[in-house]
1. Looking only at residues that are assigned to a loop (DSSP other than H, G, I, E, B) and open to solvent by less than 70 Å² (accessible area, probe 1.4 Å) in the stretch 99-111, which one is nearest to Gln37 (Cα to Cα)?
2. Which residue, of Leu61, Leu10, is part of a helix (DSSP H, G or I) and at pLDDT 95 or above?
3. Can you pull out the residues in the stretch 30-54 that are in a helix (DSSP H, G or I) and either more than 16 Å from Val102 (Cα to Cα) or free of Cβ contacts under 8 Å to residues at least 12 places away in the same chain (or both)?
4. Check whether at least one residue in the stretch 59-71 is closer than 18 Å to Asn11 by Cβ, open to solvent by 40 Å² or more (accessible area, probe 1.4 Å) and of a type in the set (S, T, N, Q), and report yes or no.
5. Select from the stretch 13-50 the residues that are among the hydroxyl-bearing types (Ser, Thr, Tyr) and exposed (fewer than 14 other Cβ atoms within 10 Å of the Cβ) and write down the one among them that is farthest from His65 (Cα to Cα).
6. If a residue has to be within 15 Å of Ala98 (Cβ to Cβ) and out of contact with any Lys or Arg (no Cβ under 8 Å at 6 or more places or on another chain) to count, how many in the stretch 7-20 make the cut?
Amino acid sequence: NTPVGALVLLNDPSFVESARKLAELTMRSDAEGAAAQTEMMFRRVLSRPPTTAEREILVGLFQDHWKHYQAEPEQAEQVVKTGISEVPADLAKPELAAWTSVARTLLNLHEFVTRN
């Protein structure tokens, strides 16, 4: 319930790694295209479909971050190597980093975080 708590959820290596693992599941799913993959990730995290506006925002976030990480591959490498689990060699790091950004966003929504 504090700004520090929100920063931990966003930046702690355990949470970043959890987001990356969710991104890996998304990339390995049968869902085709950013909209379908976003919907699959959203349903997995929140147990409901996204609204049209939510889907559009998250697809835009993915596309913006994918472009950024394609232009800055060293930053993509930093994101995907966070944590102790092995980085999959068969997934493109810029795309994985972009999906990790989307997952980090979902895992920080008030709807997901248990608050007392």
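The values are calculated or read from the model by the stated rules, or taken from the named source; none is laboratory data. Here the structure is a predicted model, which means the values were calculated and not measured. Counting neighbours? That spans all protein chains shown, and the Cβs are built from the backbone with ideal geometry, glycine included. Note: accessible area is taken over every heavy atom of the protein model, side chains too, but ligands, DNA and RNA are not part of it. Shrake-Rupley method; radii C 1.70, N 1.55, O 1.52, S 1.80 Å.
1. Here is the first cut: in the stretch 99-111, the ones assigned to a loop (DSSP other than H, G, I, E, B) are 107-111.
Narrowing further to those that are open to solvent by less than 70 Å² (accessible area, probe 1.4 Å): 107-109.
Numbers: Leu107: 16, Asn108: 18, Leu109: 18 Å.
Of everything passing the filter in the stretch 99-111, Leu107 is nearest to Gln37 (Cα to Cα).
2. Details: Leu10 fails: at pLDDT 95 or above.
That would be Leu61, the only listed residue that is part of a helix (DSSP H, G or I) and at pLDDT 95 or above.
3. Filtering the stretch 30-54 down to residues in a helix (DSSP H, G or I) leaves 34-46, 52-54.
Result: Ala36, Arg43, Thr52, Ala53.
4. Within the stretch 59-71 (the criterion being closer than 18 Å to Asn11 by Cβ, open to solvent by 40 Å² or more (accessible area, probe 1.4 Å) and of a type in the set (S, T, N, Q)), the answer is no, since none of the residues qualifies.
5. Of the stretch 13-50, the ones among the hydroxyl-bearing types (Ser, Thr, Tyr) are 14, 18, 26, 29, 38, 47.
Among the residues that remain, those that are also exposed (fewer than 14 other Cβ atoms within 10 Å of the Cβ) are: 14, 29, 47.
Working: Ser14: 21, Ser29: 20, Ser47: 25 Å.
Taking the candidates together, the pick is Ser47.
6. As a first pass, look at the stretch 7-20 and keep what is within 15 Å of Ala98 (Cβ to Cβ): 16, 19-20.
Now narrow it down to the ones that are out of contact with any Lys or Arg (no Cβ under 8 Å at 6 or more places or on another chain): 20.
Within the stretch 7-20, residues that are within 15 Å of Ala98 (Cβ to Cβ) and out of contact with any Lys or Arg (no Cβ under 8 Å at 6 or more places or on another chain) number 1.
This table checks each residue for (1) in a helix (DSSP H, G or I); (2) surrounded by 21 or more Cβ atoms within 10 Å (Cβ to Cβ); (3) under 11 Å from the mean Cα position of the chain (by Cα).
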site: Glu56; (1), (2), (3): yes, no, no
site: Val79; (1), (2), (3): yes, yes, yes
site: Pro88; (1), (2), (3): no, no, no
site: Ala97; (1), (2), (3): yes, yes, yes
site: Val113; (1), (2), (3): no, no, no
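Yes/no matrix, rows are residues, columns are (1) in contact (Cβ under 8 Å) with a residue 12 or more places away in the chain; (2) over 14 Å from the mean Cα position of the chain (by Cα):
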{"position": "Ala71", "(1), (2)": "no, yes"}
{"position": "Ile84", "(1), (2)": "yes, yes"}
{"position": "Pro94", "(1), (2)": "yes, no"}
{"position": "Ser101", "(1), (2)": "yes, no"}
{"position": "Thr105", "(1), (2)": "yes, no"}
{"position": "Leu109", "(1), (2)": "yes, no"}
